[in-house]
Amino acid sequence: MKRNFQPETLMMSYGYRPEWSEGAVKCPIFQTSTFVFHSAEEGKAFFEVAYGLRERGAKEKTGLIYSRLNNPDMEILEERLKLWDGAEACAVFESGMSAISTALFEFLQPGDLLLYSNPLYGGTSHFVHHVMTKFGIEVLGFRPGASRDELAQLIERSGKKDRLGMIYLETPANPTNDLVDIAMCRSVADQFGAAGRHVMVAVDNTYMGPLWQHPLQHGADLVLYSATKYIGGHSDVIAGACLGSAELIARVKTLRTFLGNMIAPHTGWLLLRSLETLKLRMEKQTENARIVARRLAEHPKVGRVHYLGLLTPADGEAYDIYRRQCTSPGAMVSFEVKGGEAEAFAFLNHLKLVKLAVSLGSNESLAQHPATMTHAGVDPAEKAAFGITDALVRLSVGVENAEDLWWDLEQALEKVAVAVEAVELA
């Protein structure tokens, strides 16, 4: 009897056979630039398939040529990553921004309109506003909570409804946890598409990782990750991933080949290691985040707390989207320290266990100040409009003991008034 194993089980061995590598239980690091052909005819056949000169035969294996094109560590990683999202194919990159920029460049042309959700991660925001526009791509953002009708009207008023090329979403948004309805955006994309012109929907799913939200199931064409975050999970790699249909990812991989921003063998190997514990890590992080978020919401020195696990039916559409679209609240918490930048800085400066650093999704808990750090380059008016205030702190909850984490957060909060007072006196 054949059993369909769950992804967390398949992470141990899927796509790799020990007999290929002297019986090694784990996939080795294939630290090589090039691969030997058995014959000139084989080399010719491999290149014909690699360059799309012909279709690969039904029983023909994709040949290894050169590590810019393919490498065992890269290919096995792609095979395993696609299991979580139920994707047909995956392309991995040397950074999350490489994945994002390659996908946007492949599917948008000069004169196209890119509609995007707000707020965006600072790096993505800069790329959209200051790089894409240099190539003749027009960009148009929409606010959190915008309805379907509002999106349609926004596109109509742009005068570019016939050139809408992609709707790009970051949901939950970094750093506010604002949600966007992926299925609704799919409907809008289809409304403005036409015969022979498919409007893409791409979703940055980094905040939820591959476990807690599956955008392809809600109508997205592409799902993107900074694999540095939950997928890597150890703060020791920089990597990215793009997943979707075999047809779309073939295009992404072709551009990746010529941009040369593919993942390195050692990075791929480290991510294969990390995938083995992905579910265990993320479950523990979410468990801790639930505890921390509830206690923060009750603390007298904390204002609003942004955490999906605190949403209730009273939150209306946000709660409905969360229930439809997510399977867990995740482990990202943002909250406002009562006061402003001085109070937020005082809190951050007094943390002892939680590290003051950017990035997220790692084993260790990290805290940072979005307004002056990850989102420093975002227009001040936009930051204010989207809730990225001077008082906002972003917390990525790790796998530490929850009581130890709370002790650290609480003691740092208790020092806020004293610390601010000392600065004023000085």
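The values are calculated or read from the model by the stated rules, or taken from the named source; none is laboratory data. Predicted model only: the values in this text are computed from it and were never measured. Here Cβ is always computed from backbone atoms with ideal geometry, including for glycine, and neighbour counts include all displayed protein chains.
Descriptive notes on the structure:
- For the stretch 1-47, the set of residues classified as exposed (fewer than 13 other Cβ atoms within 10 Å of the Cβ), in contact with a helix residue (DSSP H, G or I) (Cβ under 7 Å, 6 or more places away or on another chain) and either of a type in the set (A, V, I, L, M, F, W, C) or closer than 20 Å to residue 279 by Cα (or both) consists of 24, 25, listed by residue number.
- Unique residue being assigned to a loop (DSSP other than H, G, I, E, B), under 20 Å from residue 201 (Cβ atoms), in contact (Cβ under 8 Å) with a residue 40 or more places away in the chain and of a type outside the set (Phe, Trp, Tyr) when the list is 104, 120, 115, 69: 120
- Test: residue in the stretch 404-424 that is polar (S, T, N, Q) and closer than 28 Å to residue 227 by Cα: no
- Checking residue 155 against (1) closer than 30 Å to residue 209 by Cβ; (2) in a helix (DSSP H, G or I), the condition it does not meet: (1)
- The stretch 390-419, subset closer than 19 Å to residue 207 by Cβ and part of a loop (DSSP other than H, G, I, E, B), residue farthest from the chain's Cα centre (by Cα): 399
- Checking residue 29 against (1) touching an Asp or Glu at 6+ places or on another chain (Cβ under 8 Å); (2) of a type in the set (A, V, I, L, M); (3) assigned by TED's automatic domain parsing to the domain that holds residue 262, the condition it does not meet: (3)
- Residue 275 being under 20 Å from residue 118 (Cβ atoms) and either crowded, with 24+ Cβ neighbours inside 10 Å or charged (D, E, K, R) (or both): no
- Counted residues, the stretch 389-421 - those being out of contact with any strand residue (DSSP E or B) (no Cβ under 8 Å at 6 or more places or on another chain), among the β-branched types (Val, Ile, Thr) and at pLDDT below 95: 2
- Residue match in the stretch 278-298 (condition: in the same structural domain as residue 224 (by TED's automatic domain parsing), of a type in the set (Asp, Glu) and under 26 Å from residue 218 (Cα atoms)): no
- Out of 220, 239, sole residue that is without any contact (Cβ under 8 Å) to a residue 60 or more places away in the chain and under 22 Å from residue 128 (Cα atoms): 220
- Matching entry among 79, 138, 48 (being farther than 17 Å from residue 262 by Cα, out of contact with any strand residue (DSSP E or B) (no Cβ under 6 Å at 6 or more places or on another chain) and of a type in the set (D, E, K, R)): 48
- Residue pairs meeting the criteria (Cβ under 7 Å; at least 6 apart or on separate chains; first under 28 Å from residue 227 (Cα atoms), in the stretch 343-362; second assigned to a loop (DSSP other than H, G, I, E, B) and of a type in the set (Val, Ile, Thr)): 358/374; 359/228
- Among the residues of the stretch 335-353, those identified as surrounded by fewer than 21 Cβ atoms within 10 Å (Cβ to Cβ), under 17 Å from residue 397 (Cβ atoms) and not charged (D, E, K, R) are 348, 351, 353.
- Residue 41 vs. criteria over 26 Å from residue 250 (Cα atoms), over 32 Å from the mean Cα position of the chain (by Cα) and not in a loop (DSSP other than H, G, I, E, B): no
- Per-region count, the stretch 363-378, residues in a loop (DSSP other than H, G, I, E, B) and surrounded by 23 or more Cβ atoms within 10 Å (Cβ to Cβ): 3
- Qualifying residue in the stretch 141-154 (condition: outside the structural domain of residue 358 (by TED's automatic domain parsing), touching a residue at least 12 places away in the same chain (Cβ under 8 Å), over 29 Å from residue 370 (Cβ atoms) and buried (at least 22 other Cβ atoms within 10 Å of the Cβ)): no
- Residues satisfying the stated conditions in the stretch 282-307, i.e. basic (Lys, Arg) and part of a helix (DSSP H, G or I): 284, 290, 294, 295
- Qualifying residue in the stretch 308-329 (condition: among the charged types (D, E, K, R), within 23 Å of residue 365 (Cβ to Cβ) and outside any strand (DSSP E or B)): no
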